[in-house]
Amino acid sequence: MAADTQRLYERIAQKLASGIAQGDYKVGQRLPSERELAQNFSVSRPTIREAIIALELDRLVEVRVGSGVYVINTEPPGGKAGATDIGPFELLEARRSIEGEACALAAARIDDSQLAELAALLNEMRTENEHDVMLSEDADRRFHEVIAAATQNSGIIAAVKMLWDARTRSPQSRSLSTKVRATGVKPRIDEHTAILKALRQRDADGAREAMRDHLTRVIDALLKATEVQELERARQQIAEQRKRYAASK
């Protein structure tokens, strides 16, 4: 992929990989904090998070919760970097824009049978959240696709399907999904209920707001679930605890 058409996180990942290969970051060394990297590269922290996921998949770094991100190899064990695709956070940003407007349009065009289908899918999510989160996630996708279908716009239907297909196809998105699933993140019933309520009321503005709020909260939940507590922060907490203990003597 040409440099000017590369995804932003790919460019950051390549710069970090080059630094690792050149010895700027040695095996066993901890990378600078996410905040520092974001400042150094003038990008957002979600972009840094995506770059780190790419480096993880190439087995160049290892994320140690409560400590940081450590270099484990100077080059990918397979000899070359693996395939990359749309990043999970940029994907959610795109979904928030496109599905927000799709939901607003659907509010004016959705029929009773589609509303009933959404209610059934919501119940399916609620049930499967207690049994099989992957089945719940599948119901989640179908919920969003029914809303896209309700727009009666083939371009929107195709765009929403493409974004969900990318979520399934992207190694970076799959890796993130595995991480957050392990922390207990599941489709949020209350947020989907708010979307359905606005659609039932044929409230375009409310539907747009409910969908955008839902996807904003998804982004926030994924960031929280994959947060790496930096070593400096842990050291600071230990130092504060020691001060409190010393003061209590």
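Bear in mind that the values in this text are calculations on the coordinates, not laboratory data. The structure displayed is predicted, hence computed values, not measured ones. Please note: Cβ atoms are built from the backbone with ideal geometry, for glycine as well, and neighbour counts cover all protein chains shown.
Cα gyration tensor of the range 51-93, axes a ≥ b ≥ c as square roots of the eigenvalues: rounded (a/c below 1.5), prolate (a/b > b/c) or oblate?
oblate
From the cross-link list K80/K179; K80/K186; K80/K224; K15/K186; K15/K224; K197/K224, which pairs have alpha carbons spaced over 29 Å apart?
K80/K186; K80/K224; K15/K186
Given a Förster distance of 22 angstrom, what is the FRET efficiency for S44 paired with Y70, based on the Cβ-Cβ distance and rounded to 0.05?
Efficiency, rounded to the nearest 0.05: 0.45.
With r as the distance between the Cβ atoms of T183 and E145 and R0 = 30 Å, compute the FRET efficiency 1/(1 + (r/R0)^6) and round to 0.05.
Computed FRET efficiency for E145 and T183: 0.70.
With +1 on each Lys and Arg Cβ and -1 on each Asp and Glu Cβ, how big is the dipole of the range 3-71 about its Cα centre, in debye rounded to the nearest 20?
In total the dipole reaches around 140 debye.
Could you tell me the calculated FRET efficiency between D112 and A225, based on Cβ-Cβ distance and R0 = 30 angstrom, to the nearest 0.05?
The value I calculate is 0.25.
List the GluC sites (Glu not before Pro) within the range 81-132 that DSSP assigns to loop and that have no more than 13 neighbouring Cβ atoms inside 10 Å.
Of the GluC sites (Glu not before Pro), the ones in loops of the range 81-132 whose Cβ has at most 13 other Cβ atoms within 10 Å are E130.
Out of the range 59-92, which trypsin sites (Lys or Arg not before Pro) are coil in DSSP terms and have no more than 16 other C-beta atoms within 10 Å?
R59, K80
Let's see if you can work this out: charge +1 on each Lys and Arg Cβ, -1 on each Asp and Glu Cβ, no other charges. What is the dipole magnitude of the chain about its Cα centre, in debye to the nearest 20?
1040 debye
Report relative contact order for the range 15-107 in percent, whole number only (criteria: Cα-Cα under 8 Å, sequence separation at least 6).
Worked out over the range 15-107, it gives 29 percent.
Using label points projected 7 Å from each Cα along Cα→Cβ, tell me how many nm separate D205 and D165, to one decimal.
In this crude spin-label approximation the distance works out to 3.6 nm.
Work out how much length A21 to D190 would gain on full extension: take 0.36 nm times their residue separation and subtract the Cα-Cα distance, in nm to one decimal.
Difference between extended and current length: 56.2 nm.
Which of Q172, L121, V27 sits closest to the plus end of the dipole of the chain, meaning its Cα is farthest towards the positive end, when Lys and Arg get +1 and Asp and Glu get -1 on the C-beta?
After comparing all options, I get V27.
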